[in-house]
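Below is one structure; the comments refer to it alone.
The values are calculated or read from the model by the stated rules, or taken from the named source; none is laboratory data. The structure presented is a predicted model; accordingly, all values stated were derived computationally and were not measured. Methodologically, a virtual Cβ is constructed for each residue, glycine included, from the backbone with ideal geometry; neighbour enumeration extends over all protein chains shown.
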Amino acid sequence: MKGPHEKENEKGSGQQLKVVRSGFLLTIDMHDWPLPAPPSWLQQANEAQNESELAALRQSVTRGEPHGDDPWQKRTAKELSLESALRPPGRPRKLLPDT
């Protein structure tokens, strides 16, 4: 099911999706995906997220970190040199010597 601002390209190929978000027109070329799109990708993309999923997505966008499960996130961050995005923000705490 398409959202109110979404429509598939009607030129027959079905390889483009045009989405309007915040006043901007975004055209997604489906043939640019690195893997074939799942058959129900549009339905999955339009599903409502619960609060914990939204919080994880917001953190991913805000911090510029890959979104996904922990092993995939770490592997992708390493491949894209984004390891710093996975560390806590701010300067590391100074270790005090044992007394």
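Residues that are surrounded by 10 or more Cβ atoms within 10 Å (Cβ to Cβ) and in a loop (DSSP other than H, G, I, E, B) were ranked within the stretch 8-37; the one that is modelled with the highest pLDDT is Ala37. Residues in the stretch 46-99 that are surrounded by 12 or more Cβ atoms within 10 Å (Cβ to Cβ) and touching a residue at least 24 places away in the same chain (Cβ under 8 Å): 1 in all. If you go through the stretch 76-99 and keep only what is over 14 Å from Pro66 (Cα atoms) and either touching an Asp or Glu at 6+ places or on another chain (Cβ under 7 Å) or of a type in the set (Val, Ile, Thr) (or both), you end up with just Thr99.
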